[in-house]
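What follows draws every value from the coordinates through simple rules; no lab data is involved. Predicted model, so just to flag it, every value in this text is computed and none were measured. Positions of Cβ are backbone-derived with ideal geometry, glycine not excepted, and every protein chain shown enters the neighbour counts.
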Amino acid sequence: MRHLEPYCLTVGLARLELVRDETARDPGPDHDVAPVPVRVRVIDGALSCIARQGVAKTTLDDVARAAGCSRATVYRVFPGGKDGVLGAVVDTEVSRFFSALAVRMGEATDLEDVLVAGMTEAATRVTEHPALANLLAQEPEMVLSQLAFARMDEVLAVTCAFTTPFLGRWLDQPESKRVAEWATRIVVSYLLCPADGVDLTDAADVRRLVRLFVLPGIRALRVPEAGARTTGALQSHNPIPTTKGEAS
Amino acid sequence: MDGPRQRILEATYACVARWGLSKTTVEDAAREAGLSRATVYRYFPGGRDELIDAVVSWQFLVFFGRLYEEVHGATSLEEVLDRGLLFARRALIEHEVLQKMLEIEPDVLMPKLTVESNRTVGLIAGFLVPYLHEHGMAEGVEIHEAADFLARMILSYIASPGHWDLGDPEQVATLVRTELLAGVVGDLRPAGER
């Protein structure tokens, strides 16, 4: 996983609601005194270029044009050139993704809700992300090579580390970790290989999956490992509080 | 399936193992197979791209064919999954050509594997349906929906086990009885009781 520069993270968090719209480049009359920094304009410009024409075809000239600055300025801010800009775009988008996930998961009031909210939000962010959609259609290798085998293990580890604390209100730490990783697998699987009749951007579909497969699995996980092989282990001796309002 | 087509596939696979996916040409495959370029083109009119895709598809089927051999004698759903996960993970780690390609050419290989893997979800699900049928489903769970869920989870764990150690039979048994089967089947019997 890339190192998240604190600056990018701040930008991602503070500008969560400005994702993918033009206001990022047009601060409006109230913001005359604080123009958008050139770094931010370059990152946003690169993102819109990628959404339009993909990564391979995006040149630094395109990025400079979209950012309203010169090529030399892009190099001054990103001495690494195109790779440097792309790295900053990825950092920004990843932090935006996790910020959005944090908002939704933080609002949840029970275990079922936190899972449904997190999985639906993740699927929706990924599906509706214009640059990502373009990449998956035009340059799938850029995305797919990150989502299987050892690199997928990294994605699982990072997502798991971020989402585990949100489950901690209902599950102990080892359980939270397992469930966070499991939920990530489910989302990635249905996104990469859509199933008939299952739309993970639809909370009702996610809720059905969570109720049918995930919650019973969590109940089974709660039983000590040694008992996991016995019949009793899979019955709900330790029902997990999933009723609405129970946590409040 | 012996014949020129098979011979070409095997020759191409040998070239890929040696030089990688990107560097293998129709000429290499023809030379390795002891056939002319024209013959290779007769079987694979799409040339190099078609040949490489066909090799990936074929090797995918070989892999899952071995997996099928490993589990088809199992007498219970739990046993199918226990044995299948243990075998598949080990076979994948020990698959030298696959591991080499993943290291040197993930960008070329991954889109192809994703396409194959999506097809395989249906194959694995179809294989599991009779076992699910025999076992009996949990209330409210539709059998094909469950088979599809299990198939995609199996593929996910095999390729990227995350924090699970799929070389450890105890962990595999726990995984099968929790994240895989707990919600799917009505009741789970202890390993060895069926």
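Cα-based Rg of chain B per 2.2 N^0.38 Å, rounded to two decimals?
Ratio of Rg to 2.2 N^0.38 Å for chain B: 1.18.
Which whole-number value in Å³ per residue fits the convex hull of the alpha carbons of region B:1-81?
Cα-based convex hull of region B:1-81, divided per residue, equals 103 Å³.
Report, as an integer, the average count of C-beta atoms from other chains found within 10 Å of each Cβ along B:116-126.
Mean inter-chain Cβ contacts per residue within 10 Å come to 1.
How many partner chain Cβ atoms sit within 10 Å of a residue's Cβ in peptide A:138-147, on average, as a whole number?
That average works out to 5.
Looking at region B:1-45, I'd like the Rg to Rh ratio, where Rg is from alpha-carbon atoms and Rh is Kirkwood's inverse mean 1/r. Kindly include the intermediate steps, with their values, before the conclusion.
On the way: Rg = 9.5 Å, Rh = 10.2 Å.
Computed over Cα atoms, the ratio is 0.94.
Cut-off 17 Å, label point 7 angstrom out along Cα-to-Cβ of residue A:34: give me the residues of region A:88-109 whose amide nitrogen falls inside.
It comes to no residues whatsoever.
Which residues' amide hydrogens lie under 5 Å from the amide hydrogen of residue B:185, considering only partners 5 or more residues apart or on another chain, with H built in the peptide plane?
Here the answer is B:138, since their amide H atoms fall under 5 Å of that of residue B:185.
Of B:120, B:24, B:39, which is the most mobile in a GNM of chain B whose springs link Cα atoms less than 10 angstrom apart?
The residue with the greatest mean-square fluctuation here is B:39.
With a cut-off of 8 Å between alpha carbons and a minimum separation of six or more residues, what is the relative contact order of chain B in percent?
Averaging sequence separation for qualifying contacts and normalising by length gives 20 percent for chain B.
Rounded to the nearest 0.05, what FRET efficiency do residue B:75 and residue B:50 have when you use their Cβ-Cβ distance and R0 = 41 Å?
Plugging the Cβ-Cβ distance into 1/(1 + (r/R0)^6) gives 0.50.
Counting other beta carbons within 10 Å of each residue's own, what order do B:96, B:79 fall into, fewest first?
B:96, B:79
Determine ³J(HN,Hα), in whole Hz, for all residues of region A:205-217 in sequence, where each value follows from phi through the Karplus function 6.51 cos²θ - 1.76 cosθ + 1.60 and θ = phi - 60°; x replaces Gly and Pro.
5, 5, 4, 4, 4, 4, 5, 5, 10, 7, 4, x, x
Averaged across B:100-109, how many Cβ atoms of other chains sit within 10 Å of each residue's Cβ atom?
The mean count of partner-chain Cβ atoms within 10 Å per residue comes to 3.
Semi-axes, largest first, in whole Å: what does sqrt of 5 times each Cα gyration tensor eigenvalue give for region A:72-203?
28, 18, 14
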